[in-house]
1. Could you list, ordered by first residue, the pairs with Cβ atoms under 6 Å in which the first is in region B:94-118 and in contact (Cβ under 8 Å) with a residue 60 or more places away in the chain and the second is of a type in the set (Ser, Thr, Tyr), at least 6 apart or interchain?
2. Looking only at region B:241-270, count how many residues are of a type outside the set (Gly, Ala, Ser) and either within 13 Å of another protein chain (Cβ to nearest Cβ) or touching a His at 6+ places or on another chain (Cβ under 8 Å) (or both).
3. Quick one: which helices (runs of 4 or more DSSP H) lie wholly within region A:394-503 and hold at least 1 residues that are without any contact (Cβ under 8 Å) to a residue 40 or more places away in the chain?
4. When you check A:Ala109 against the structure, is it of a type in the set (A, V, I, L, M, F, W, C), surrounded by 18 or more Cβ atoms within 10 Å (Cβ to Cβ) and out of contact with any Leu (no Cβ under 9 Å at 6 or more places or on another chain), yes or no?
5. Test B:Ser207 against the criterion of being outside any strand (DSSP E or B), surrounded by fewer than 24 Cβ atoms within 10 Å (Cβ to Cβ) and modelled with pLDDT of 95 or more, and give yes or no.
6. Residue by residue through region A:403-445, note down the ones that are of a type in the set (Asp, Glu) and more than 30 Å from A:Ala367 (Cβ to Cβ).
7. So if I check each of B:Asp62, B:Asp74, B:Asp146, which one is within 14 Å of chain A (Cβ to nearest Cβ) and assigned to a loop (DSSP other than H, G, I, E, B)?
8. Name the single residue that is nearest to B:Leu239 (Cα to Cα) among those in region B:149-184 being outside any helix (DSSP H, G or I) and hydroxyl-bearing (Ser, Thr, Tyr).
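The values are calculated or read from the model by the stated rules, or taken from the named source; none is laboratory data. Keep in mind the model is a prediction, meaning the values are calculated, not measured. Quick reminder, even Gly has a Cβ in these numbers, built from the backbone with ideal geometry, and neighbours come from all protein chains shown.
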There are 2 protein chains.
Amino acid sequence: MTVSDRAEGTPETGRRTRGGADARRALRQKPKIVQNPYIVRKIPLVTVLDEEGLTVIENNADTILQEVGIEFRDEPEALELWKKAGADVKGTRIRFPKGLPRSIIQKSAPKEYIQHARNAERSVRIGGDATVFAPVYGPPFIRNLDDGRRYATIEDFRNFVKLAYMSPSIHHSGGTVCEPVDLPVNKRHLDMVYSHIKYSDKPFMGSVTAPERAADTVEMAKIVFGEKFLETNTVITSLINANSPMVWDGTMLGAMKVYARANQASITTPFILAGAMSPVTAAGTLAQVLAEVLSGAATCQLYKAGAPVIFGVFASSISMQSGAPTFGTPEPTLVSLAAGQLARRLGIPYRTGGSLCASKVPDAQAAYESAQTLLPTLQAGTNFVLHGAGWLEGGLASGYEKFVMDADQLGMMQVLAKGIDLTENGQALSAIREVGPGSHYLGCSHTQANFETAFYRSSIADNNSFEQWLAEGEQDAAQRANKIWKRMLNEYEAPPLDPAIDEALQAFVAQRKAAAPDSNV
Amino acid sequence: MTVSDRAEGTPETGRRTRGGADARRALRQKPKIVQNPYIVRKIPLVTVLDEEGLTVIENNADTILQEVGIEFRDEPEALELWKKAGADVKGTRIRFPKGLPRSIIQKSAPKEYIQHARNAERSVRIGGDATVFAPVYGPPFIRNLDDGRRYATIEDFRNFVKLAYMSPSIHHSGGTVCEPVDLPVNKRHLDMVYSHIKYSDKPFMGSVTAPERAADTVEMAKIVFGEKFLETNTVITSLINANSPMVWDGTMLGAMKVYARANQASITTPFILAGAMSPVTAAGTLAQVLAEVLSGAATCQLYKAGAPVIFGVFASSISMQSGAPTFGTPEPTLVSLAAGQLARRLGIPYRTGGSLCASKVPDAQAAYESAQTLLPTLQAGTNFVLHGAGWLEGGLASGYEKFVMDADQLGMMQVLAKGIDLTENGQALSAIREVGPGSHYLGCSHTQANFETAFYRSSIADNNSFEQWLAEGEQDAAQRANKIWKRMLNEYEAPPLDPAIDEALQAFVAQRKAAAPDSNV
C-alpha cells in the first residue's frame, strides 16, 4: 500500500482549518530564511549484501521469531491481539508463525507517507527515494565552548529548535533535541512539544515516555492542525525503541498504540550496541534487528492497520575492552547499509544513522566518526535521519558547535544526493572549447554563468591561505562554529503562528500542568 | 592484457639476487610489527553514472581529443610517436582520431600489476579488486603540536617513512611524504629514495622532477632488486601529473618515459581544482579528465607497450569566493566515483582521493573533509590511494598528528572492505538462542570466542566515560595523536636490509652527489 505521492516542493494548500486572511498575513510576515526541500535521492543506493545474503538474514529472523520469540512486557492488549492473529503466546513471550509479521506489515503499512508541517512548505515525504534530516534526540547534557558540559534546560531546548529551524538542510524539527532537566519529568513534554510548534514550522516528533504524554502530543497537534485533519493525515512521527534484545516494553508499546490509533507514525527501532544488545557480528545483529522490527511494526499494524511505521535501527558497537559505546567504526556501517536493503524488501520507510560520535568534544574524533556515520546513512537510502546534527558523547550531550558543524555536512549530503548533472550546461563542452589547453576556467563564460551555484559553500570550513588564517587568529572549526550558532540565535525570528492557535496551545499546556503535581517519574 | 594474478598474502620467494643466509638472518631479526595485506574489496562498488551517462562522458572526451586536442610541450619524441601512430600533430598540439588513444591503451596496458617490495610480503597488487594505501605526497611544510608549522627537513621525511612503515593499514611507503627543503633540489631525490629503501620495506615511488632523477631512481632500484629482476617486474610506481587543462609537459613526460622504458609504473593524473583547471561541473570535469588520461596513458604505451599505467585523478574544487582549493565537498566525491567507473571501462588501475582537507590543523574540519574524501575513495574501487594519511592545508603541510589519525581511518576502511561475514559464526544464531530476550551478550560464548577480532579497535578514539576522560586531562584527538606518533618513532626498529645492498646504495648516492654542484632548480 502506498500513500499518494506528492511532487517535491509542491506546497499544500487549503488544508488549514483556520482561514485565509491569517494565512496571507502569515506569509507576508514570514522571515526570509533559506530552506532546502527534503532530499529526493538521484544517486544509486549502496548495498553490501546480495540476494543470497539477504535471504540468509531473513530466514534467520524468521527462525528467531518462531523459535526464540519476542517478549511483550506490561502490555496485555498486544498479547491479545497477537493471540487473535494466530501467534503462539505464552506468558509475555510471543512466538510467530513463519512469515506472519511480514504479511501483516505488507498488508497495511504504507510504503511512504507525508508528515505534514504547520507550514505546508515544510511538509516532508518519508519513504521511497526521500531523505529527511532531523536533529539529535535525547541528550540530558549540552556542551558548548562557553559553558563546557552541563545539564540541559528548556532554554537549550528552545535554542536547538531555533537552530534546526534556521538550518537549511535540516528538514524536521526532531523531538527531544535535548532533555530539559530543569522541568518536571511528567510535564516537560508539554513545553517540548509547544516549543517545536512555537519556534519552528517544521514537522516534529512526539513524546513517548508514557502513553498519556503521547496522547497530550496528539491533542496539541489537533489544536494546530484541526481534529478532522488528523483523521486522515500524519503530523507526528515518534521514536519507539525496542528494549533489545527481543523485548518490547509497555511504555513504548503504549505510546505507539496512542500514535497508531491517531494515524500518527512510529519508528520501531532496535537500539543496538552490538556486543551488548546483539551478537558481535553484523549478520547476527541484522537477523535480530529484523526480527525485532518485524514484531514491532506488525504490532503497530495490529493496533491500527495502515498507521505509518518505520523500520528503524540504531546501530553501533561497544568497545570490547571497556564496554563503552563506540561510533563511526566500520561494523555499524555494514549493519546500516544492509538494514536499508532489508527495509526496502519489507516495503516500509527506513531510519538509521545520523552524525553519531563518542567524542566528548567537537574535535577530529567527533568529525571522523560523524562523517563515517552520515555518508553511509545517506547511501543506505535512509528515509528518516535522526541525530543528523548536534550529537556528542555517545548521545549524552547535545553540542552547540557540533550542531552547526553537522548541519553544514547535511548541506553537503543534500548536494551529493543530486548526483551528476548531465544537461548541456552540466557537460560544459562549450567551456572546454572556450578555454582550451594551458589556460584556466576562472573567468570563462560558463564559470560566470554558474558562479552562484557551482559548488557547495561550507559555512564552517576555512579555505583561506595559511597567512590569512594566521592573521584571523588561528581558529579551529569549533571556534568558528561557536560564532555561527551565536549569530544564528541572535538573528532568529520566529515563524508566524496564528495567535488563536498559540493561545489555545498555551491554555492546553496550562490546564495539563495544573491537573497533576510535579513529578520526576 | 593482465599480469598473472597472485594470491593475496602469498609471499614471493627466490627472486632476490643476494643469497639465502642473509635472507634467513633478516627474517630472524625482523621486528614484530603487525601489517595488514593490501585490501581485496568484498563490498560492491559505488557508482553514480549509468550506462547512458558514461557514454556521454566518453563521447565528450573523444570530442575534446579530436577537436580541441592536447598540448605536449618540450617533448619532441612524444610528437613523433603520435605522428607515427596516426594523430594530427600541429606544433605541440595533438588531435587524436576518434578512439585511437583508447585502442592503444587497451592493446597493451596491464589491467593490473604487482609492485614488488624489497620484503616480498609487502608486495602489492595494483588494479582489479585490490586497494593499496600510500601516505601523503608533496608538502613543503610539516605541522605538529610541538613545532606548529615549519619547513620540512629530511629528518621529517625519514619520520614519515617510519610512521608509514609502522602503520598496519598503510601498504605502500609512498614518495614525497614531505619535501626535504633542507637539501638541494637537484640531489634530494637521492636521499628520499634511499630513505624509503632504508627505513621501510614497503613498495615506494620514484622521483619525477626531472628525467635524470627518474633514471637515478631506477638505478637505485636495480641495486636493491637486481637489474635482471627489473627487466620483467615493476618495483616503482610514480606520479605523473598533467598540467591541466589539456597540457602534458616535458618534465613529466620525460620522467614517465624513463619509467615506462624500465617497465616501471606511472600514474597519469590530471590535477584538478574544478573551476580553475576544469569546468565548474562534474560532467565537464570528467570529460576533460578522461581526455587527459587517455592521451597520457596512451603516450605511456607508445613509449613502451605493456608498461603499467594508472588512471589517476586528483579531484577537488575551488572556492568561488576566494579561488582557494576546497576539499571534502560533494562535487569532487561525484567526480571520484564516476572516474572510477570510467577507469574500469578503460581497463587500467585507478587512483584518486585519499584523506584530503583544506584545514590548517587536525581539527574537526580536517576530519570531516578527510572522511568525506576517504570513504568514497574506497567505494569508488580506487586501486592506488595516494594521500591516504597525513595531508593537511590543501597539501601544503604533512601533519604528524593528522598522519596517525588518518592511519586509524585506513584501518577502518580495511575492515569495511571485508563486508559482512555470512559464515555460521558470522550469523551467530547460536548466540541469539543462548542469550534470549531481555538479557545481554557481554559474556556469552559466541562473544567470548570472537572477543579478539569482533570490532575494529581505534587507536585514536576515546570512548571512555566523560568522568574518566575528564580525569585523564580532557584531551582531544590531536593531543592523543601527538603521543602516539612520538611513541611510534620511539619504538621504531628498521627492517633488515642486506648490508651489501645498503653499502652499494650509499656509494651510488655519494657518487651522484659528487657528480654535480648543489642546485635549487
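1. Matching pairs, first to second residue: B:Pro101/B:Ser295; B:Lys111/B:Thr2; B:Tyr113/B:Thr234; B:Ile114/B:Ser123; B:Gln115/B:Thr234; B:Gln115/B:Thr237; B:His116/B:Ser123; B:Ala117/B:Ser123.
2. Going residue by residue through region B:241-270, those that are of a type outside the set (Gly, Ala, Ser) are B:241, B:243, B:245-249, B:251-253, B:256-259, B:261, B:263-264, B:267-270.
Subset that is either within 13 Å of another protein chain (Cβ to nearest Cβ) or touching a His at 6+ places or on another chain (Cβ under 8 Å) (or both): B:243, B:245-249, B:270.
Matching residues across region B:241-270 total 7.
3. On the way: elements: A:400-416, A:424-427, A:429-435, A:445-449, A:466-471, A:477-491.
It comes to A:424-427, A:429-435, A:445-449, A:466-471, A:477-491.
4. No, not satisfied.
5. Values: outside any strand (DSSP E or B): yes; surrounded by fewer than 24 Cβ atoms within 10 Å (Cβ to Cβ): no; modelled with pLDDT of 95 or more: yes.
It is false that B:Ser207 is outside any strand (DSSP E or B), surrounded by fewer than 24 Cβ atoms within 10 Å (Cβ to Cβ) and modelled with pLDDT of 95 or more.
6. Matches in region A:403-445: A:Glu424, A:Glu434.
7. Values: B:Asp62 fails: assigned to a loop (DSSP other than H, G, I, E, B); B:Asp146 fails: within 14 Å of chain A (Cβ to nearest Cβ).
The unique qualifying residue is B:Asp74.
8. B:Thr176
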